[in-house]
Amino acid sequence: MDDALDLAGIGIGPFNLSLAAVSTKNHALKTHFFDEKPEFQWHSEIMFPDSDMQTAFLKDLVTGVDPTNPYSFLNYLVQNGLFHAFMNTNRQVVTRKEFELYCQWVTRQMPERLSFNFNVDTLGYDGRYFIIGNSAQQFKAKSICIGTGINPRIPACAEPHISETCFHAKSAFLKHTDMRDKNVVIVGGGQTGVEIFRNVMKEKWGFAKSVTLVSSRPNLEPLDESAFVNEYFSPNYAKAFFTIDARLKKRIVDYQKLTSDGNTPSYLQNLYNELYYVQNVDQSPVKFRILPYRKLEGVSNFNNRYQLCFSNCFTLKHERLSADIVILCTGFRNGVPSFIEAISHLIQFDEDGCFRVNQDFSVQWDGHAQNKIFVQNFSRYEHGIFEPQTSLMAWRSAVITNSVSENAIYQTENFAPNFLSYAFVE
Ligand SMILES: Cc1cc2nc3c(=O)[nH]c(=O)nc-3n(C[C@H](O)[C@H](O)[C@H](O)COP(=O)(O)OP(=O)(O)OC[C@H]3O[C@@H](n4cnc5c(N)ncnc54)[C@H](O)[C@@H]3O)c2cc1C
């Protein structure tokens with residue numbers, strides 16, 4: 001079957017786009033990537049003008065393994081006449097909007113490798129090839145890479161109330177919400193929660209009556225991006241972490257949470273200063289409140305008003321809040337995509353229903369060894385805290401490229417030692 005692909009990618013988020021770009025170094029490799037959206041979009045529902053990346057711009061799709069690759073952020077700047085102006089901004093991180101523009105530019109450079117408006121809903125395996133596609137079109141591929149991303153996590157008690165006045169932040173409802181004269185409650189104090197809180201303050205959705213942010217965390221916790229901690233996001237640490245006892249991994253990753261899911265410190269500072277101005281200088285009639293250390297326990301609705309019940313972990317009491325609009329910034333979860341159903345009996349899952357993932361990001365399965373199912377953004381607890389982040393995406397793409405090429409196209413092993421050494425070597 002000569003027209004079969006060597007690698008088909010399902011989903012074109014940053015991770016599979018990175019793989020598409022990095023894998024071009026092996027000219028012999030036939031790859032193609034599919035996405036159901038009409039064009040590359042990056043969590044556009046929750047992208048605001050003040051939304052910045054949490055990772056440095058050099059950690060782009062390719063530079064970490066190949067700064068000569070034409071799909072680098074620096075080349076995007078140069079090709080678009082932005083290099084000199086960008087350097088004057090002195091930025092280490094770019095806005096999420098500019099990162100999206102960069103990725104969209106990359107997609108326009110390799111149209112022959114990417115198909116948008118292509119929903120993958122079937123995946124079969126005939127013993128030699130995967131057959132992926134939908135009722136309109138199918139493709140054969142020797143290996144596949146699933147990069148279908150994350151889904152909103154909605155607390156069970158809120159699930160029955162999902163509507164245009166009670167919704168997860170990453171939904172179409174946010175764009176059209178009207179907060180004029182409404183009591184708004186934001187549940188969740190991670191970066192999405194604080195960004196929505198700040199944008200409500202800026203009256204993005206109208207002049208609200210009150211805005212309350214409730215967080216289960218003890219405070220609006222900052223991202224820990226200090227130098228030694230950042231070694232978690234290095235190939236050396238990733239390699240060491242992969243080999244440790246599986247029983248330790250979850251505890252370690254959960255302990256490292258704020259190195260990945262904390263709030264951008266400069267954002268918190270700006271928010272604090274603006275709150276100070278709005279409440280103490282401008283004396284706004286809008287009531288702004290931040291209620292940390294509360295867990296959402298129940299949601300009910302009477303006459304189009306929500307009653308939210310929280311347990312307060314500080315006073316150990318129960319509290320109630322009423323709201324006209326509830327925005328759930330309650331994070332995301334990985335979901336094994338339903339299209340794998342036809343071959344799921346061949347795939348090995350752990351006790352939580354997640355893929356069991358090998359060091360080269362292929363899953364453990366009973367198909368032929370030459371056919372691999374790679375996954376990206378599915379193994380935080382297997383590979384480590386870097387896995388859902390962009391920091392090492394170029395490196396991971398290089399590891400997958402080597403594996404699918406059965407050749408060391410990239411050097412992915414030898415790096416200067418980290419300063420923190422977890423296994424003692426005399
Ligand atoms: C708001 C937000 C901001 C973030 N900011 C940062 C940051 O600054 N730095 C950082 O390191 N990380 C950040 N992250 C974490 C991480 O980098 C992102 O979640 C990133 O988008 C993950 O990329 P992905 O390719 O796995 O998935 P996604 O970006 O979610 O892309 C998945 C793609 O798969 C497509 N798809 C799904 N199912 C199918 C199907 N059946 N057929 C065809 N296509 C399909 C979807 O349309 C989508 O385009 C952020 C996450 C969020 C939510």
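Each residue in the range 373-425 was checked for being under 18 Å from Leu29 (Cα atoms) and away from the ligand (no atom under 15 Å from the Cβ), and 13 pass.
Within the range 138-180, being of a type in the set (Ser, Thr, Tyr) and either farther than 19 Å from Glu195 by Cα or surrounded by fewer than 15 Cβ atoms within 10 Å (Cβ to Cβ) (or both) holds for Ser143, Thr148, Ser163.
Of all the criteria given as (1) surrounded by fewer than 19 Cβ atoms within 10 Å (Cβ to Cβ); (2) near the ligand (Cβ under 6 Å from one of its atoms); (3) assigned to a helix (DSSP H, G or I), the one not satisfied by Lys37 is (3). Being within 9 Å of the ligand (Cβ to nearest atom) and within 21 Å of Glu387 (Cβ to Cβ) is a property that Phe15 has. Quick one: is Leu61 crowded, with 19+ Cβ neighbours inside 10 Å, assigned to a loop (DSSP other than H, G, I, E, B), within 14 Å of the ligand (Cβ to nearest atom) and assigned by TED's automatic domain parsing to the domain that holds Ile131? It is true that Leu61 is crowded, with 19+ Cβ neighbours inside 10 Å, assigned to a loop (DSSP other than H, G, I, E, B), within 14 Å of the ligand (Cβ to nearest atom) and assigned by TED's automatic domain parsing to the domain that holds Ile131. Of the strands (runs of 3 or more DSSP E) lying entirely inside the range 115-192, the ones with 1 or more residues being free of Cβ contacts under 8 Å to residues at least 12 places away in the same chain, more than 10 Å from the ligand (Cβ to nearest atom) and more than 22 Å from Asp324 (Cβ to Cβ) are found at 130-133.
Can you work out which of the residues in the range 95-114 that are of a type in the set (A, V, I, L, M) and buried (at least 20 other Cβ atoms within 10 Å of the Cβ) is nearest to the ligand (Cβ to nearest atom)? Filtering the range 95-114 for residues that are of a type in the set (A, V, I, L, M) and buried (at least 20 other Cβ atoms within 10 Å of the Cβ), the one nearest to the ligand (Cβ to nearest atom) comes out as Leu114. Residue selection: Thr122 fails the criterion of being in contact with a Phe, Trp or Tyr (Cβ under 8 Å, 6 or more places away or on another chain), of a type in the set (Ser, Thr, Tyr) and buried (at least 17 other Cβ atoms within 10 Å of the Cβ).
For the condition touching a residue at least 40 places away in the same chain (Cβ under 8 Å) and near the ligand (Cβ under 9 Å from one of its atoms), His43 qualifies.
The values are calculated or read from the model by the stated rules, or taken from the named source; none is laboratory data. Keep in mind that this is a model prediction, so the values were computed, not measured. A quick note on method: Cβ atoms are made from the backbone with ideal geometry, for glycine too, and the neighbour counts reach across all protein chains shown.
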